[in-house]
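Have a look at the structure below before the remarks.
The values are calculated or read from the model by the stated rules, or taken from the named source; none is laboratory data. From a predicted model like this one, the values you see are computed outputs, not experimental measurements. Cβ placement follows ideal geometry from the backbone for every residue including glycine, while neighbour counts extend to all protein chains displayed.
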Amino acid sequence: MDNVIVEIEKPYAVITVNREKKLNALDVATIDELSEAVNTVENNDDVRAVIITGAGDKAFIAGADIAFMQSITPKEAYEFARKGQSLIYSMMDSTKPFIAAVNGYALGGGFEVALGCDFILATDNAKFGFPEVSLGIIPGFGGTQNLSRVVGKNTARYLILTTQMIKAKEAQSLGIVSNVFETKDELLSNAKEIATKIAENGPVAISLAKKAINDGFDLSIDEALKYEATLFGVAFSTEDAKEGLKAFIEKRKPQYEGK
């Protein structure tokens, strides 16, 4: 792959968008490579958590490639949006937790990729925003839907319609960012530490908990609770649950196999 680097560092993987001169902007080739990278880590049993970041210090992903978008037709724009949405929802639907490690700008499609992760960590100089309407277009990779589910419709409308760019601390106050760090080195170090901590837990349980949160969000509370109870029951059918409960009784560290 030319634009994306995948590093497997058991028990996690680091996916880096490597278009530093283009501020890691997304074009079709880069989205395809990111989709391939997500598929690779999803099917690797040694990977139990995934970190996504951008090359360099200036940008996580500074949006979609404007030069590319300038030349496409409405039909091609629709197909481009669906391709981006497919990438982001493959992360959301993954059995593995995804951590966005945001350094610098996360704009447009970059903000959408970050929102597609299970949570976001950021450097103090990170900036988030949707500039699309200033270009006469709208977010197309799920931004109008996923942002409103994080911050509510009113705040989502404000950020998208005003193109207001917000810093990491403000994004944290809105519940978009989980933790803020001073430097990129500190960001990545903590992201890896968190990924390792997650990987110590039962991988099937991690997958089921993620599924319960994501799929249950739009259900009525009654339906969501029944869904949670169903997945709770599924967890008890796994070897991981037997191992985890037994290890607790025996006062030892569990050895999970993801079964």
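Just for segment 45-57: of the residues that are of a type outside the set (Gly, Ala, Ser) and at pLDDT 95 or above, which one is farthest from residue 120 (Cα to Cα)? Explain how you work it out, then say what you get.
First, the residues of segment 45-57 that are of a type outside the set (Gly, Ala, Ser): 45-48, 50-53, 57.
Still in the list and also at pLDDT 95 or above: 47-48, 50-53.
Details: 47: 19, 48: 17, 50: 12, 51: 10, 52: 10, 53: 10 Å.
Among those that are of a type outside the set (Gly, Ala, Ser) and at pLDDT 95 or above, it is 47.
Are there any pairs with C-beta distances below 8 angstrom linking a residue in segment 41-66 that is under 17 Å from residue 113 (Cα atoms) to a residue that is among the acidic types (Asp, Glu) and in a loop (DSSP other than H, G, I, E, B), with the two at least 6 apart or on different chains, and if so which?
64/27; 65/27
For segment 1-28, which positions are outside any helix (DSSP H, G or I) and among the basic types (Lys, Arg)? Can you show your working first?
Filtering segment 1-28 for residues outside any helix (DSSP H, G or I) gives 1-19, 23-27.
Passing the criteria: 10, 19.
Identify, from the list 229, 209, 156, 241, the residue that is in the same structural domain as residue 131 (by TED's automatic domain parsing) and in a helix (DSSP H, G or I). Lay out the reasoning, then the answer.
On the way: 229 fails: in the same structural domain as residue 131 (by TED's automatic domain parsing); 209 fails: in the same structural domain as residue 131 (by TED's automatic domain parsing); 241 fails: in the same structural domain as residue 131 (by TED's automatic domain parsing).
Matching residue, one of 229, 209, 156, 241: 156.
Yes or no: residue 105 hydroxyl-bearing (Ser, Thr, Tyr), modelled with pLDDT of 95 or more, over 13 Å from the mean Cα position of the chain (by Cα) and buried (at least 21 other Cβ atoms within 10 Å of the Cβ)? Talk me through it step by step, then tell me what you get.
Working: hydroxyl-bearing (Ser, Thr, Tyr): yes; modelled with pLDDT of 95 or more: yes; over 13 Å from the mean Cα position of the chain (by Cα): yes; buried (at least 21 other Cβ atoms within 10 Å of the Cβ): yes.
Answer is yes for this residue.
Pull up segment 124-162, narrow it to residues that are surrounded by 14 or more Cβ atoms within 10 Å (Cβ to Cβ) and free of Cβ contacts under 8 Å to residues at least 12 places away in the same chain, then point me to the one that is nearest to the chain's Cα centre (by Cα).
So the residue we want is 148.
Before we move on, is residue 127 among the basic types (Lys, Arg) and closer than 21 Å to residue 98 by Cα?
yes
Inside segment 175-206, can you point out the residues that are among the charged types (D, E, K, R), in contact with a strand residue (DSSP E or B) (Cβ under 8 Å, 6 or more places away or on another chain) and closer than 30 Å to residue 241 by Cα?
192
Does at least one position in segment 174-182 carry a residue that is in the same structural domain as residue 51 (by TED's automatic domain parsing), of a type in the set (D, E, K, R), outside any helix (DSSP H, G or I) and surrounded by fewer than 17 Cβ atoms within 10 Å (Cβ to Cβ)?
Within segment 174-182, the subset in the same structural domain as residue 51 (by TED's automatic domain parsing) is 174-182.
This time we only want the ones that are of a type in the set (D, E, K, R), so: 182.
Now narrow it down to the ones that are outside any helix (DSSP H, G or I): 182.
Pick out the ones that are also surrounded by fewer than 17 Cβ atoms within 10 Å (Cβ to Cβ) and you get 182.
Yes: one or more hits.
Here are the criteria: (1) buried (at least 16 other Cβ atoms within 10 Å of the Cβ); (2) farther than 17 Å from residue 91 by Cβ. Tell me which single one residue 20 does not satisfy.
Among (1) buried (at least 16 other Cβ atoms within 10 Å of the Cβ); (2) farther than 17 Å from residue 91 by Cβ, the lone unmet condition for residue 20 is (1).
Can you go through 99, 31 and tell me which one is crowded, with 21+ Cβ neighbours inside 10 Å and outside any helix (DSSP H, G or I)?
Going through 99, 31 in turn, the sole match is 99.
State all residues of segment 212-252 that are buried (at least 16 other Cβ atoms within 10 Å of the Cβ) and of a type outside the set (A, V, I, L, M); if no residue qualifies, say none.
216, 228, 238, 240, 243, 244
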